[in-house]
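The structure appears below as structure tokens.
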């Protein structure tokens, strides 16, 4: 700021400093002005702020002031201009108002320095970027609090709105913390460069991590792995967690480690900077690969070793390639010697470095290698003139690097001049330069003679045909040098569909503007420019015609011959298309044989079909016959997200897919909008499909799905196109069949192993349950053996809680608390009863789930299948006779485990376990002193049973014997008047098969055989017995004893179902009333089998033990005497003879 803008008081104070450069103290100025020291000091400070005085501190508290000289100002001004940035002075307060900025402010900010000094442009509010203002203020104040200087980087907004980065270096003016001075420099380029370097470093790290062809990683100075990339995982097989921290000698063979090759490599790299090595390396799985390894030492700026960079490339394939090259070299040597042509290899000097026997014989030299230069051989051109060495084929190849073929010359062989065809081909070195040339010579003397004869005949033929060609002309026209038509023949008028009268005198580009800029114009102009004829083929769009054109230039214009070759072009296009189609079919066939993943093959087929036929879409549909729909399994071109989820109907009339399934041949659609056979499903109409081809994958009688390709344009498809689609479908069908066959083989092997294992388990179960004394032990044993087998994961047995109709676990193995957090019910209206366990309880039949992830009824328990890892299960009712004890559930980790023979075998376990439980309960019933006694009463039982009989007399049923297979023997008595009634039972009661009445006097005894009698079966199955049945005067009273441990309610329900009018008179707990002999008999017979016990009882009731014996005892249970008598004696050693 100039002194002219000062206030009068400041001008008065400035006048004290008349002599520039002379310093004055504060007291001296105050005395000169007649002011106090404080007032004088304030004025002096303001003059300093106006840049007209300078000041500095002297001593501890004094200060001197002086007016800068002009020279000082000039030097300062020059210095400020040369500073690389904006020099400033400002107040250290909000907005940082500037009292001075250098001219460089305009370059840095775009603002006029005067605008900044005047305050019209605020440095803090207008220049500093809004997002940086608070952080800059905090940073400056923070640094000033620690020292008098500060440095900060931040963004500014220039006058034209551009954002730039600046670095500000400043300080507080000495002794005055309210004033700041400093320099602001533009560092935008530096910041961006640093960011670019950071991005480059990050990209490099990403590139290293993503590189799969090379293993690139860092080692510490000791050789331990510090970093790892994806290429290392692919080549060496180690993941990052497994290898980082391990010594890199892990990758070397045992031989190399013993030879300390890893340590030598590190030492060499540390000493020489890097080392390169090739050799065998070991992958994580123990396999070997041939590696090229480079190890480079990494040092810091001071030269200290920080570690090593190691780059490994798998060179196994290259090594095989080199071996193959050596083999090919040997083969080429054999080919060279057996080839029917003369062959020589020539170096740049023209020396023969290699030749076969034919070449040696041809030139008449026994050993040409090193002794013969081909330049010395006499060679003559077709006219018989000698050919200089520089013009010969091998020299041309050395000069151009391009091969020379069929270079014909003449050569003297044994005094006879022969015609020879030479071919010369380059052999390049690693740098691409031609190092040698292979020359082959073929004697064509005979061919030349034949050629001359043919030429003579050709000339004669041409002469004969000239007249014919004159009458068969192409279309012809002429143009002058201004491109105007001057002549057209009739063929040209027809082909161009324009008359000569329309075109003569008109420019060809005006008459046919569509040809402007096309190949026609470029070729015609080239012909006129070079004065050389041109020949080409091109399609002229307006005529939709391919033309073969020959144009001959002259000084006055152009003569053009042309003809329609559209049919030939189309034939060639179709042939090329057929070749491409055949290549695709061949490639897909090869992939189908080698690729085990069907979806990968389907996706590849869809892409290749669409690309080959140039269609917008292609799809592979997977048929679900039961759901009558097709899943879009794989495809190309379809909207994102629908492949794998979209379906089309396999039965709807509007579906092209459904129509295809009903048709033996491929279905071709040229325009879907006019199609009458179907209207197209939403999948096609939503994608604006108009045309396409679809065909069945697999045999028409048993299709797997559909292959279809579609386009949004109306178009036709050739027979070859349709056959191509069908061929691809056939390949997919073959791949599917092979895949299914392989899966079936695997399944059969698994099934055979499972059957062998299951048969062993069933035998073990059958043997084991015999030794168990309680139902709980039997059930736990079965579960343990099944869970321990290789075929199954776990097993459990459950029964029904009658209070809530839910299944509860009785025994389990291979799993803990399987039903703790889930519900299985047997109530028909409960959704949790639809699984295999609920169905097995309701139906009494074996229930299977072939695949838990596909069976819709298994949905409530599908999450459990995921967590427990099973894929199939079986629920086997545990039964004995009509008694359902529970359900055995078995789970397998493979789908479809319980089919066929495996299901037949495991289903037998239900009866094996059921019979074992029944036998145990019967044994418990026989050995127990406590019983439950049930007494029933039926009034007028004959009427209830529908029997018309005399109700007089008394009938008693004293004892029943269960003889197996649902049959029972009943022994009783009848008074004489009731005998006929007993005999009538077999005619009226379905379960009574036979009745045998003994010829006794008075009360008559009888034996009856009953089959499938529900009450007797139910009582016998739990080890109970009918103690007594008395029918007197038509009324029936029945007493039943059952063990207290059984479900008595089930017995009562069975009796009530059989006799609807029955009444339960009494239910009570009783103790057996028996003497010592009866107790001994009961204990002894408890260890007998059911058949042994039945035999004894039947024998006893039939009188086998009476003397004299009047019955064999075998008739009642249908055993022969030879079998029955010895077994009865072993089971019960008392006999009438022993009592004598």
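Worth a mention:
- Between residue 93 and residue 544, the contour length at 0.36 nm per residue exceeds the alpha carbon distance by 154.2 nm.
- Gap separating the Cα centres of the range 912-946 and the range 488-506, nearest whole Å: 116 Å
- Put in line by how crowded their Cβ is, counting other Cβ atoms within 10 Å and starting with the fewest, 50, 690, 741 read 741, 50, 690.
- Theoretical gain in end-to-end length, residue 665 to residue 947 [0.36 nm per residue, Cα-Cα removed]: 94.4 nm
- Set against the labelled values (i) -0.39, -0.56, -0.75, -1.16; (ii) -0.53, -0.67, -0.80, -1.09; (iii) -0.85, -0.98, -1.08, -1.27, log10 I(q)/I(0) by the Debye sum over Cα atoms at q = 0.05, 0.06, 0.07, 0.09 Å⁻¹ computed from this structure falls on (iii).
- Counting beta carbons within 10 Å around each of 1040, 762 and listing the fewest first gives the order 762, 1040.
- Contour minus Cα-Cα distance for residue 112 and residue 15 (0.36 nm per residue): 31.8 nm
- Modelled label positions at residue 928 and residue 259, each set 7 Å beyond Cα in the direction of Cβ, lie 8.4 nm from each other.
- Peptides 385-395, 902-912 ranked from most to least packed give 902-912, 385-395, packing being the mean of other C-beta atoms within 10 angstrom over each peptide's residues.
- Between residue 687 and residue 325, the FRET efficiency estimated from the beta carbon spacing at R0 = 51 angstrom works out to 0.50.
- For the chain, the mean residue ellipticity at 222 nm estimated from helices alone is -12000 deg cm²/dmol, where every DSSP H run of n ≥ 4 contributes -39500 (n - 2.57) and the total is divided by all residues, rounded to the nearest 500.
- Of the residues 362, 552, 891, the one with the fewest other Cβ atoms within 10 Å heads the list, and the complete ranking is 552, 362, 891.
- Spacing of the modelled spin labels on residue 529 and residue 305, each 7 Å from Cα toward Cβ, amounts to 6.7 nm.
- Each peptide in 722-731, 807-816, 623-632 was scored by the mean count of other Cβ atoms within 10 Å over its residues; highest first, the order is 722-731, 807-816, 623-632.
- Virtual spin-label span in nm between residue 402 and residue 965, 7 Å along Cα→Cβ: 10.2 nm
Only the coordinates and a few stated rules stand behind these numbers; no lab work does. Quantities reported herein were computed from a predicted structural model and do not represent experimental measurements. When we count neighbours, we look across all protein chains shown, and the Cβ atoms used for this are built from the backbone with ideal geometry, even at glycine.
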